[in-house]
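Visitor: Here's a structure for you.
The values are calculated or read from the model by the stated rules, or taken from the named source; none is laboratory data. Source: prediction; values computed, not measured. Every residue, glycine as well, gets a Cβ built from its backbone with ideal geometry; the counts of neighbours run over all protein chains shown.
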Amino acid sequence: MEKVAVIGAGLMGHGIAQIFALHGFHVELYDIQEDVLEKALNNIRANLTLLSEHGIAEKSAVEPAMTRLGVTTEMDLAVESADLVIEAAPENLELKQ
């Protein structure tokens, strides 16, 4: 497995993306809103930095993890060639369907 797509960049989605990227997987993070994706990237960087400051992650792992993260507002691009797709959309049945 090499590529993971995470559908939904909210709290749960960007947390999932962060863990996979930190562990060496390429992650494509999808959301319908550009500002949510931008916030997710900022939060992931802050989280990884905090983890490294507390010795939970290596400081040298932050930038490589960030380079493995891609963001998109296009579902087709997010899931293209993904080995695993994780749905982390808000708890709204219509949206999930």
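Visitor: Would you check if ALA9 is in a loop (DSSP other than H, G, I, E, B), more than 13 Å from the chain's Cα centre (by Cα) and buried (at least 16 other Cβ atoms within 10 Å of the Cβ)?
Guide: Taking the combined requirement at face value, the residue does not satisfy it.
Visitor: Please work out if GLU28 is at pLDDT 95 or above and touching a Lys or Arg at 6+ places or on another chain (Cβ under 8 Å).
Guide: yes
Visitor: Further question on the same structure: Cβ-Cβ under 7 Å, sequence separation 6+ or interchain: first residue in region 29-43 and in a helix (DSSP H, G or I), partner among the charged types (D, E, K, R). Which pairs?
Guide: LEU37/ASP31
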